[in-house]
Every structure is written in structure tokens, then in C-alpha cells.
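**Q** Below is the structure I would like to discuss, written out as C-alpha cells.
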Amino acid sequence: MRGTNRIETWIEEEEAPYDFDIIWRFPVGSKVLEVDTQLDYDILGDIIVLFAERGQRVGGYERITFEMHVVPFDTRTEVTRIAPDE
């Protein structure tokens, strides 16, 4: 949906059994406004990378607030046809 959106999750807290990364990829042109999580994270444009190390407490409440781009991005507007070999 265009405008401000929110993803909220509640996961049982636990100790991470191993190092891990989680990657959230939003549509082109989206803007991440806020991230509320126990995990460490980096925002790289329309991508969020969350990461945890083995033994770290993970889970609980998490929220990501973001804005969707006003104009949809569609790569299908330019199509190149390739003729089969003759």
C-alpha cells in the first residue's frame, strides 16, 4: 500500500543457537522510517539487514515502519524480443 506501512511481529524470546542474518528487501523506492528490534541492524536504502551472534537474546516484539514509493516500479514497460535462430 502506498503511504506509511508497518510490519509487526511477536516471536518467543530465545538464545540464538548460531550466528545469523535476516534480510528484508522492500520494493524499489521504499523508505525505511523506523526499526524496533532487539537485533543489531543496518539500513541500506530499501534493504534492512538484521544480525545476531550465537548466545544473543533474540525474538520478542519487532516493528518495521516504512513508506512505499508513490509511483509503482515496473520493469515490464520495456520488452526486447529476441527472434529464434533460423
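The values are calculated or read from the model by the stated rules, or taken from the named source; none is laboratory data. Just so it is clear, the structure is predicted and the values come from calculations on it, not from any experiment. Note: ideal-geometry Cβ built from the backbone for every residue, glycine included; neighbour counts use all protein chains shown.
**Q** Output the number of residues of segment 1-46 satisfying the condition of being part of a strand (DSSP E or B), touching a residue at least 12 places away in the same chain (Cβ under 8 Å) and aliphatic (A, V, I, L, M). Steps first, please.
**A** Our first condition is that a residue be part of a strand (DSSP E or B); within segment 1-46, this holds for 3-15, 20-25, 31-36, 40-44.
From what's left, touching a residue at least 12 places away in the same chain (Cβ under 8 Å): 3-15, 20-25, 31-36, 40.
With aliphatic (A, V, I, L, M) added as a condition, the list becomes 7, 11, 22-23, 32-33, 35.
Number satisfying all stated conditions: 7.
**Q** For the subset of segment 1-31 comprising residues that are within 18 Å of Glu62 (Cβ to Cβ) and basic (Lys, Arg), which member is modelled with the lowest pLDDT?
**A** If we take residues in segment 1-31 being within 18 Å of Glu62 (Cβ to Cβ) and basic (Lys, Arg), then Arg25 is modelled with the lowest pLDDT.
Okay, residues lined up against (1) at pLDDT below 60; (2) assigned to a helix (DSSP H, G or I); (3) out of contact with any strand residue (DSSP E or B) (no Cβ under 6 Å at 6 or more places or on another chain):
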| residue | (1), (2), (3) |
| --- | --- |
| Ile48 | no, no, no |
| Val58 | no, no, no |
| Glu62 | no, no, no |
| Thr65 | no, no, no |
| Val70 | no, no, yes |
| Arg76 | yes, yes, yes |
| Thr80 | yes, no, yes |
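**Q** Okay, moving on. Within segment 43-67, can you find the residues that are crowded, with 18+ Cβ neighbours inside 10 Å and farther than 11 Å from Glu14 by Cα?
**A** Passing the criteria: Ile48, Leu50, Ala52, Glu62, Ile64, Phe66.
**Q** How about segment 5-35: which of its residues are surrounded by 12 or more Cβ atoms within 10 Å (Cβ to Cβ) and either more than 16 Å from Glu67 (Cβ to Cβ) or among the polar types (S, T, N, Q) (or both)?
**A** Listed by number, the residues that qualify are Asn5, Ala16, Phe20, Ile22, Ser30.
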